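The structure under discussion appears below in the form of structure tokens.
The values are calculated or read from the model by the stated rules, or taken from the named source; none is laboratory data. Model, not experiment: these values are computed from the prediction. So basically every Cβ, Gly included, is an ideal-geometry build from the backbone, and we count neighbours across all protein chains shown. Just the protein is used for accessible areas: all its heavy atoms, side chains included, with ligands, DNA and RNA removed. Shrake-Rupley method; radii C 1.70, N 1.55, O 1.52, S 1.80 Å.
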Amino acid sequence: MDIFLGTLTPAFLLHMFFHVAVPVGVAALFFRKDFRHSALRMLAGILIDIDHLAASPILDPSRCSVGYHLLHSFWLIPVYVTLALYPKTRLIGLGLVIHIVLDTAECVRHAQPLLMLG
């Protein structure tokens, strides 16, 4: 558990809050009729962080996830956008796109280069 204590900074906790609040907010604004279903499907975008388990350390605030982790690869971003365009996969795709946008914003905030490992 000690490996996580150094990463639980206010900035990291705010970043994680956005990973929940933004999909829920999008569901509340645009998918009000089926809010719960929509919010849960978009929140599933958080699951792409499972690729962090293959890295050492698992959480590293000085590392930009986009372009580093497998499910955060540049070649997958167009796949996520395509998923967001089709009605049957729209919610999952939106959740994934939101996740990548938030992670990219975090990289920019830290002035970290986006790795072109694609």
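Quick look at the numbers
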| item | result |
| --- | --- |
| Within segment 84-110, tally of residues that are of a type in the set (A, V, I, L, M), open to solvent by 50 Å² or more (accessible area, probe 1.4 Å) and under 20 Å from A28 (Cα atoms) | 3 |
| Residue in segment 97-108 that is over 19 Å from V20 (Cα atoms) and assigned to a loop (DSSP other than H, G, I, E, B) present | no |
| Qualifying positions in segment 53-70 - assigned to a loop (DSSP other than H, G, I, E, B) and surrounded by fewer than 14 Cβ atoms within 10 Å (Cβ to Cβ) | S56, P57, I58, S62 |
| Test: residue in segment 16-31 that is modelled with pLDDT under 95, open to solvent by less than 100 Å² (accessible area, probe 1.4 Å) and assigned to a helix (DSSP H, G or I) | yes |
| Near pairs, Cβ below 9 angstrom, 6+ apart or cross-chain, from segment 95-112 (within 15 Å of L14 (Cβ to Cβ)) to any residue that is of a type in the set (S, T, N, Q) and open to solvent by 30 Å² or more (accessible area, probe 1.4 Å) | E106/Q112; H110/S62 |
| Residue tally, condition open to solvent by 80 Å² or more (accessible area, probe 1.4 Å) and more than 12 Å from the chain's Cα centre (by Cα), over segment 36-52 | 3 |
| Members of segment 28-67 that are touching a residue at least 24 places away in the same chain (Cβ under 8 Å) and among the hydrophobic types (A, V, I, L, M, F, W, C) | F31, M42, L43, A44, I46, I48, I58, L59, C64, V66 |
